[in-house]
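Asker: Please see the structure below; I have some questions.
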Amino acid sequence: MQHHVNSIERSKDGQQAQALRIRPRWRMPVLKTVYYLLMVLFLVFYMLPFWGTVVTSFKTNSEVMTSTPITPPSRWTLEGYASAMEELGLPLMTSLLITLFGAAGSVFLGSVCAYALSKWRFKLNNVFFIALVAATYLPFQAILIPLLQNINALDLYDNVWGLVMVHSIFGMPMCTVMMRGYYADVPDALIKQAMIDGNGMWRIYRKIVLPNTKIATITVFVFQCTSIWNEMLFALVLGGYDSKPATIALNELAGTMAAEFNVQMAGSLILALPVLVLYIFMGKYLISGQMSGAVTAS
Amino acid sequence: MEQMTEFFENLRYMTFSSDRFWRIILIVMAVILCYQLLKRFAPRAVAPVSGFLSRHPLIWICIPAALLIYFVYVSLGWNLWVSVSDWQAGDLEASYGWGGFGNYARMFSSDSFWPTLKNTLLLFSLIPLCLLLGLGLALLMDQGLRGTAVFRTLILLPFALSFVVTGTVWAYMYRPTGGVLNSFLSMLGVDVSAAMKHGSLMWASSNRTIMPSIIIAMVWQFSGYVAVIFLAAIKNVPTNIINAAKLDGAYMPRIYLKLIIPQLKGAMGSCITILAMYALRSFDFIVSLVGYTTSSAWTLPIWMYNEAFQSNNFAYSAAISCFLLALVLVLILPLTYWTNRRT
């Protein structure tokens, strides 16, 4: 910014240069200090829960009882993690299975819908799209009872495959809305060319659209993975003991080990870690994906 | 290792125990396989079918469309019917006769109705709070300070967390004695124990401050996300316009107020819809922060869950969820209309 100002200042007459003095020189360092202070304040607000969690998770249980939660442990141990893994190990694997298959299913369904919606004109195109967008705002409580009946009728209560199915179906609208934006970027000329060469609709999809939108597909897949990994309501209602994913297990852990905060915090961190890593490295893409979905939706 | 074997045992049991589901899958697979084989070796036999499919490739869209219609729209209607059916309270077996609007009457006259509705609407105050804080953070990040990239990554992290994790962590934050927040305050020199004697600084443990506590925690989770979106939108404002304004002698605050913030309307609209969605789905969060049974923090989804899956009043809870749906329609539709009108 400073650079721009200087270059214009040097260029033309003095009147403009007068106008371009944005703020008095002495105020710059003061303002900067204020900004940095604000930044530090906000960082304290955002990082305090993380700090308390990390510090507590490395303490022994007796130290949790005696020390304040924000002081670092006198002796760093993994006790909390060991006991948390005892409770969470199995549910974590269940979660992983549900997440991978559920995300794959919803991305598959969503990409088929998105392809048809963005590249092919048909009669009910708009109706179908509006129905999909409306489904993204659906409060799941409003379909919970019929869903439970359906799952019971399919004999899938307390079964990971039931959860996989449910997540595939209810993740589909969001995936479609996200992918439609990406698929619209594939040039129509490419598809017309392929049509002239005599390729069918689904051949074009396999050979042209999918290979050209690999990164988009991965982004949507990862986004879907994070939201299924974090989901709790369906697992609570449709899953029982055998198909307990990690979110439910953590919630139960907080109930049964109410006093052992080191175990609770270690469990929280274990559950959060994969998603945090994904967001640290891919955060920008995930958010822009969701935003492009929201923008096309509205 | 033990858990590994248990997991695979569970998986094997779950995979092969449910006959009906797998029978359906097997039939579908067999049909596909037969079709492919016939197409390969006896194309004549399936010519009508394959011709039809190649003439109408969009027939495949019917599968996701059917899933959507059945599991969302038919289910909504089904739920509506359940709410007026004669499914008795406490009955696990469904019954679908006409039962009248008794459930709705009971809901509106229930003691928990108004507090619950108030809590649900109160949760929406999350939206202006997040927008304001997000805007402030975005403007702060736009100043070209050193360390902005790290700052942006860090404030985005809460958004990645599961509601369950946030709930568990903030339950620990909010503990009156031995919680992170109160220890931090006492480290800063606030006399926490004296304040607690007067009943303040009790956070989620007091009925008076339970909803503000929940909202603060949710603002913590979502404001960074809003800020990142706003920052991207600010960066999209063309620098030409800003330079032109500077030439005209505008000061930076004025440029922000008159030039940049009005251009954020699109981002703001989509943020509002996304935040409204999360506010309505805050079930997981409140449940893991204060539990199902804390009735002072009940919102409509939690009330509905309790009626349905704790006390088996399915018809009654269906009425509650229909009311929730109506509320969503009333709140979200104008919102989407408003954002639509812009673009």
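The values are calculated or read from the model by the stated rules, or taken from the named source; none is laboratory data. Not measured: the values here are computed from a predicted model. Neighbour counts are summed over all protein chains in view; Cβ atoms, including those assigned to glycine, are modelled from backbone coordinates with ideal geometry.
Asker: Taking the residues in region A:102-153 that are under 16 Å from A:I228 (Cβ atoms) and of a type in the set (F, W, Y) as candidates, determine which candidate is surrounded by the fewest Cβ atoms within 10 Å (Cβ to Cβ).
Answerer: A:F108
Asker: In addition: Out of (1) at pLDDT 85 or above; (2) assigned to a helix (DSSP H, G or I), what's the single condition that is false for B:N312?
Answerer: Of the numbered conditions (1) at pLDDT 85 or above; (2) assigned to a helix (DSSP H, G or I), the odd one out for B:N312 is (2).
Asker: May I pose another question? Scan region A:222-235 and report the pairs whose first residue is touching a residue at least 24 places away in the same chain (Cβ under 8 Å) and at the interface with chain B (Cβ under 10 Å from one of its Cβ atoms) and whose second residue is among the aliphatic types (A, V, I, L, M) and not in a helix (DSSP H, G or I), with Cβ atoms within less than 6 Å and a gap of 6+ or a chain change.
Answerer: Listed pairs, sorted by first residue: none to list.
Asker: So, in region B:1-57, of the ones that are among the basic types (K, R) and under 39 Å from the mean Cα position of the chain (by Cα), which residue ends up nearest to A:L88 (Cα to Cα)?
Answerer: Here the residue is B:R12.
Asker: When you look at B:P43, is it exposed (fewer than 11 other Cβ atoms within 10 Å of the Cβ), closer than 21 Å to A:N199 by Cβ and touching a helix residue (DSSP H, G or I) at 6+ places or on another chain (Cβ under 8 Å), yes or no?
Answerer: Yes: the conditions hold for B:P43.
Asker: Restricting attention to region B:261-272, does a residue exist that is in contact with a helix residue (DSSP H, G or I) (Cβ under 7 Å, 6 or more places away or on another chain), at the interface with chain A (Cβ under 7 Å from one of its Cβ atoms) and crowded, with 21+ Cβ neighbours inside 10 Å?
Answerer: yes
Asker: Looking at this structure, is B:D86 touching a strand residue (DSSP E or B) at 6+ places or on another chain (Cβ under 8 Å), more than 12 Å from chain A (Cβ to nearest Cβ) and of a type outside the set (S, T, N, Q)?
Answerer: Spelling it out, B:D86 is indeed touching a strand residue (DSSP E or B) at 6+ places or on another chain (Cβ under 8 Å), more than 12 Å from chain A (Cβ to nearest Cβ) and of a type outside the set (S, T, N, Q).
Asker: Another question about this same structure. I need the full set of residues from region B:157-197 which are facing chain A (nearest Cβ under 8 Å), more than 19 Å from B:M218 (Cα to Cα) and not in a helix (DSSP H, G or I), in order please.
Answerer: Passing the criteria: only B:G178.
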